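This report concerns only the one structure given below.
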Amino acid sequence: MKIKQWLYSKIFVRNMLATFGYRSAYSNTSGGFTPYFSYRLGNYQNDFYLYFQKEPFAIRYLNEIFNKLHEYQGFDIINYLEFHYNLYPEKADFLRFLQYEINDRLKKSGNRSRKLVTALDWVAEKQLVMKEQFQEKAQQEQQDLKQELEMGLHTIIQNAESKNASNIDQQVKILSEKLSMHIDQIMKTTENGLSELTNSFTTGNIELNNRNHEERIVQLLILLQEVQAPSSLQKGEQLFKKFSDTDIAAILKLHFAAFKDRKINTLQKRVGDKGEVLNYKNPKVQQLIQALEEFFYH
């Protein structure tokens, strides 16, 4: 057994090392990291690649990313980031990695490093571009669907005017199949786009101690969604102007670890199902509704 492994097996030693800042999850073993920034083995070259004489270990690799960044000024910082962003296949994953690393280093440094702030601005810009591209793609697919439906309906109307019943049935069937195919594609695009976007953003990672409480969490959000003022105060006005089942589904997916692997439409259906079986006559539910009402309006 290696000395480090032996030492870390002792809880007292682990606690002591942590107290004095010597405990680390990273080892001096080569590799063991995700190469978000491309690197080469060999002598240093005046380009955007990272260079190491031998296979680096994780901390050395991570530090070199930012040591290299600090070599550049102004727009060359952006060119450096763009170079590695274009090489790495999972764009949202790259942005998320960089966002967390930069934020961590800004906090550690105790000051707002100008070059790190520039890099963080670039991350925010890329996330915005990714969001706009997703919206444009969704809009284009909706426009294509609209045009195809219009053409199909036009053909059906022409057949109706010529009293060609067999052609009408055939066209309705074709149109129905196309509509179903387009809806499936739009749902897939939306789900993939949302996943890519949310992966690049900072989200929560709330974990329940007991997974049996998942249903109660969903129902709690439903009850919060329905909170309204007593009729004697504001004519039964609801607390939220807008708070849909889709919003609850998004909260669950983005911030609760147990729901992150579920699709938005699946979670939305689950919210609807839990709302339908919620027993409003249950004394505990009535007490909670009353407590929420009193909290917000008394």
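Quick notes on this one:
- Remark: relative contact order (the range 37-124) = 24 percent; criterion is Cα-Cα distance under 8 angstrom and separation of 6 or more residues.
- Exposure of GLU101 as accessible area (Å², to 10), given a probe of 1.4 Å and all protein chains: 40
- Accessible area expressed per residue, the range 236-298, with surrounding protein chains retained (probe 1.4 Å, Å²): 68
- Relative contact order [Cα under 8 Å, 6+ residues apart], the range 227-298, whole percent: 30
- Difference of contour (0.36 nm per residue) and Cα-Cα distance, GLN287 to ASP47: 79.8 nm
The values are calculated or read from the model by the stated rules, or taken from the named source; none is laboratory data. What you see is a predicted model; the values in this text were computed from it and never measured. We work out accessible area using only protein heavy atoms, side chains counted, and drop any ligands, DNA or RNA first. Shrake-Rupley method; radii C 1.70, N 1.55, O 1.52, S 1.80 Å.
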